1. In Å, what Kirkwood hydrodynamic radius results for the chain from the alpha-carbon pair distances?
2. Can you check what the net charge comes to around Ser270, using other residues whose Cβ is under 13 Å from the Cβ of Ser270 (Lys, Arg +1; Asp, Glu -1)?
3. Binning at 10 angstrom from zero up to the longest distance, how are the C-alpha pair distances of the stretch 247-372 distributed in percent?
4. State the percentage of accessible surface on the stretch 422-496 attributable to carbon and sulfur atoms; use a 1.4 Å probe and exclude ligands, DNA and RNA.
5. So for the pair Phe223, Ser481, with labels modelled 7 Å out along Cα→Cβ, what separation do we get in nm?
6. With a 10 Å radius around each residue's Cβ, average the other Cβ atoms per peptide and rank 516-523, 429-436, 501-508, highest first.
7. Between Thr275 and Leu309, what FRET efficiency comes out of the Förster formula 1/(1 + (r/R0)^6) with R0 = 22 Å and r the beta carbon distance, rounded to 0.05?
8. List the residues, sorted by chain then number, that are 5 or more residues from Val89 or on another chain and whose placed amide H is less than 5 Å from its amide H.
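The values are calculated or read from the model by the stated rules, or taken from the named source; none is laboratory data. None of the values given here were measured: they were computed from a predicted structure. Cβ placement follows ideal geometry from the backbone for every residue including glycine, while neighbour counts extend to all protein chains displayed. Keep in mind that these areas ignore ligands, DNA and RNA; they rest on the heavy atoms of the full protein, side chains included. Shrake-Rupley method; radii C 1.70, N 1.55, O 1.52, S 1.80 Å.
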Amino acid sequence: MAEQYMAGVGGVIASLLGFVFLYCSSLIRFRGLKKLNRAASMGFPKKNRVNKTGKSEGVGTADIIIVGAGVAGAALAYSLGKDGRRVRVIERDLNAPNRMAGESLIPGGYLKLIELGLEDCVDEIDAQRLLGYTLYKDGKEAQVSFPLEKFQSHVAGRTFHNGRFVQRLRKKVASLHNISLEQGTVTSLIEENGIVKGVQYKNESGQVLTAYASLTIVCDGCFSNLRRSLCYPKVDIPSYFVGFILTNCNLPTKNYGAIILAHPSPIVFSPISSTEIRCMVNVPSEKVPSVSNGEMACYLKTQVAPKVLPELYDSFISAIEKKGNIRIAPNKIMAAAPHLTPGALLIGDALNMRHAITGGGMTVALSDVVILRDLLRPLHDLSDASTISKYLESFYTLRKPMSSTINILANVLQKVFSASSNPAMENLQHTFLGYLRLGGMFSYEASAMLCGLCPSPLSLAFHFFSIAIYGVGRLLLPFPSPKRLWDGAKLLWVASSILLPYIYSEGIRQMFFPLTVPAYYRTPPKKDPKRNFMH
């Protein structure tokens, strides 16, 4: 009861502090807005942009070109195709992707699949239902169940092999006659008088071709070679996920993943088929051992294996010893910083990335697709690139509730979970688990944000400061000695130093005060009765 009282008091204080912080920050941002806009207009990235030339063979004109047929690109192509658009999709490799990223779809993402009419893409791929995660720390555990009581029984998270899911999406795309899906590598955007008119690409045989469209949408993933043309990318790689597949074992709770908060690295387990469990070990960027010379296997056996749950230990060791089973992928963080470009738009991981620890990337991408589809639906004429570009600027504000909530939560949790050697971080970890164990609104809303069902930046800020103040209260009991006061101050300082930079990077004004953003009010351009480009 006392802990719930502390959390409640913490919530009230957090609300007051949060309001003061947001008000002051918004004033600072608002006063500097004109200055920032002037600075932005002074420079414009030109990499991968070429002037229109006649040196390559043309392949016709579509309404929209989509670069990339991963989760975002394929889902968008299908949605626009269903709306009657002529769409050309160019993907560098149409074979099934073989990667360990994109294997977890949280419930918020599954609901977006339903909105897009693509929910059957998780069928027939041996996908596993995901109902939540169990967190383990020093022999204690806290179960985070997704709040799905208000939804139909089929609504849940899903985990699967990424390649199987992507191929199901592509199959849906190929089923529409007004979509052209082809393999090719886009090398540059074609520009004429500052407007993107299409793309230049090489097909499978190496022939250089050009394709033209009223709108080009780039969603070529985390390794995008076109993003510098359309945004100001600042990519951070705080850690790498070392991944491998376990067999002949089961997680402690069916349909629940497991996250072990251990030193030196948090460990994530989730089922990706009825017989396989994906293990991902988070390793800081500066400490990644080599796989080729056996250092990584040694590191996993000596430093990580002793922290693994007993029922998974034998399979964990066997998976490490299996040749070619260990893979490494960077955890990239990149806030969205688009440069409005007439005739082109950037979405998906090419625009925005977050740490993969919460598995929220596909949910952000699918949410972006739903928003963009709805913005494009009333447009019958895409030929006025400048007008369309100004109208679509609202996309970057409308996407903020979902993207900023998932981005910040993922980036904050990876920092908190990955620094157990720091006493203040250690206290923050225990505080987080204790907060979840309180139940009620405390764990309910936290889990709702974690699984994409509560895309609310305000709720995120409220709960994070509530957790911090709750942690301070725990440290001060049974009486506030000088040392406890100092430890509490350090915890509050550390918590703020983690959260606030990510809030700044996402954009305070767009996150918390979207009604003050002019682009929020953009309406579709009036239809020209002399034109009708819908087919």
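1. Working: mean 1/r = 0.0408 Å⁻¹.
Computed over the chain, the radius equals 24.5 Å.
2. Result for the neighbourhood of Ser270: +2.
3. Values per bin, smallest distances first: 10, 36, 29, 17, 7, 1.
4. Details: 2330 of 3180 Å².
Ligands and nucleic acids excluded, carbon and sulfur reach 74 percent.
5. About 5.5 nm, to one decimal.
6. Numbers: 516-523: 13.5, 429-436: 20.5, 501-508: 18.6.
For the peptides 516-523, 429-436, 501-508, the packing ranking is 429-436, 501-508, 516-523.
7. 0.75
8. Amide H neighbours of Val89, under 5 Å, 5+ apart: Ile66, Ser180, Leu181, Glu182.
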